[in-house]
Amino acid sequence: MHSDVVVIGAGQAGLSAAYALRRAGADFAVLDGDAGPGGAWQHRWPSLRLDRAHRIAPLPGMPLPAADPATPASEVVTDYFTAYERRFELPVLRPVAVRAVHRTDDGFLLRTDAGEWTARGLVSATGTWTRPFWPAYPGRELFAGRQLHTADYRSAEEFRGQSVVVVGGGTSAVQQLIEISEVAETTWVTRREPVWRRDGFDEDAGRAAVALVEQRVRAGLPPGSVVSVTGLMETGAVLAARARGVLDRSPVFDRLTPDGIAWDSPARFVRADAVLWATGFRAALDHLASLHLRAPGGGIAMDGTRVVAEPRLHLVGYGPSASTIGANRAGQAAVRELLRTLDADPAVDRWSAEVVTSA
């Protein structure tokens with residue numbers, strides 16, 4: 001099979017890019033590894049209600065529908081993405097897992113579990129959900145209780161009456177810690193002292209955060225976590241949990257034992273039935289390994305969404321475009337630049353000025 005442009009992934013970033021390609025009248029296809037619409041949102045834990053989720057930005061060209069705030073965010077976003085694909089007749093093929101991408105004389109060869117695909121240009125929008133990060137700690141293999149990652153979490157009820165250690169300083173860690181603390185005894189462990197934001201997160205703060213992440217990816221460094229730049233928001237749920245003592249964090253332990261976690265200095269032990277590793281995710285870019293894009297700093301050097309070493313390849317939902325709002329803008333900007341690179345119809349240039357502002 002062949003398309004002028006192939007988009008890999010149909011989450012927020014991929015659908016934003018697909019919308020821009022549809023508006024441009026381009027020949028394109030979207031290959032998505034999931035069985036159905038919804039991107040990473042379809043996999044989020046059911047107890048994550050809409051009113052407790054991070055801000056969900058609407059996709060370009062179609063507002064988010066009104067919904068009961070108590071509805072699981074996964075349901076709302078999955079239904080919305082499904083309707084979006086249908087409304088704009090986006091050519092999403094699924095489930096198609098892209099295993100490897102190779103250069104050709106006139107573009108790329110994609111090896112997938114559904115056969116080979118060729119394309120002149122490529123937008124990779126694979127996100128991070130499929131690459132949960134499990135840190136190495138002494139004694140992990142000795143711990144006799146349950147260990148799970150944020151990606152595996154479903155409900156606090158699984159831990160009722162237990163002693164649970166939550167490791168991680170991100171938003172998901174805080175959300176899951178608060179939920180679990182209502183039915184279990186919890187211990188919160190983070191590498192650094194959490195930084196809380198009391199003043200909201202306005203446009204200036206957003207631009208500053210994006211600039212810091214963009215600086216890293218331009219230098220070929222891994223993007224780093226969003227929370228390391230933005231801090232954690234003090235919501236009503238956070239204030240209530242703090243009053244209950246739930247957010248009294250401890251530094252990272254020195255080792256796991258068969259029945260808990262331990263620190264050496266000062267000596268301390270906490271018994272645990274389960275350890276929840278809310279330790280984040282890494283960019284899912286294994287399919288691009290054969291292109292040898294990694295810079296000496298361990299990341300991929302970027303100029304906006306364009307990969308410096310391969311101008312026919314754009315990464316969206318990576319680095320500064322990892323947020324839902326950033327993904328919208330990046331998907332459209334990537335398409336505009338990519339089509340120019342591929343010597344698209346000049347009419348695209350007249351359209352591109354409009355598409356940047358449509359988010």
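The values are calculated or read from the model by the stated rules, or taken from the named source; none is laboratory data. Here the structure is a predicted model, which is why all the values come from computation and not from measurement. Virtual Cβ from ideal backbone geometry, glycine too; neighbours counted across all protein chains shown.
Suppose we filter A66, A17, A100 for residues that are in a loop (DSSP other than H, G, I, E, B) and among the aliphatic types (A, V, I, L, M); which single one remains?
A66
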* To do: Among the residues of segment 311-356, count how many are in a helix (DSSP H, G or I) and either of a type outside the set (K, R) or at pLDDT 80 or above (or both).
  => 30
* Structure fact -> All conditions in (1) outside any loop (DSSP other than H, G, I, E, B); (2) modelled with pLDDT under 95; (3) touching a helix residue (DSSP H, G or I) at 6+ places or on another chain (Cβ under 6 Å) are true of P223 except (1)
* Quick one: in segment 261-279, of everything that is surrounded by 21 or more Cβ atoms within 10 Å (Cβ to Cβ) and out of contact with any His (no Cβ under 9 Å at 6 or more places or on another chain), which residue is nearest to G127 (Cα to Cα)? => V275
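Residue-by-condition table, conditions (1) loosely packed, with under 12 Cβ neighbours inside 10 Å; (2) at pLDDT 95 or above; (3) not assigned by TED's automatic domain parsing to the domain that holds S265:
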{"residue": "S172", "(1), (2), (3)": "no, no, no"}
{"residue": "T186", "(1), (2), (3)": "no, yes, no"}
{"residue": "E203", "(1), (2), (3)": "yes, no, yes"}
{"residue": "E214", "(1), (2), (3)": "no, no, yes"}
{"residue": "G236", "(1), (2), (3)": "yes, no, no"}
* Structure fact -> Picking from G38, G61, G25, the residue that is closer than 24 Å to L285 by Cβ and either buried (at least 17 other Cβ atoms within 10 Å of the Cβ) or touching a residue at least 60 places away in the same chain (Cβ under 8 Å) (or both) would be G38
* If a residue has to be in a loop (DSSP other than H, G, I, E, B) and β-branched (V, I, T) to count, how many in segment 123-156 make the cut? -> 3
* Asked: Hey, any hits in segment 103-117 for a residue that's outside any strand (DSSP E or B), assigned by TED's automatic domain parsing to the domain that holds V238 and closer than 22 Å to D32 by Cβ?
  -> no
* Structure fact -> Output for Cβ contacts, cut-off 8 Å, separation at least six or different chains, first residue without any contact (Cβ under 8 Å) to a residue 60 or more places away in the chain and at negative phi in segment 257-270, second in a strand (DSSP E or B) and surrounded by fewer than 12 Cβ atoms within 10 Å (Cβ to Cβ), reads W263/P251
* Top-ranked residue in segment 65-107 [being surrounded by fewer than 15 Cβ atoms within 10 Å (Cβ to Cβ), β-branched (V, I, T) and over 21 Å from R312 (Cβ atoms); ranked as modelled with the highest pLDDT] -> T82
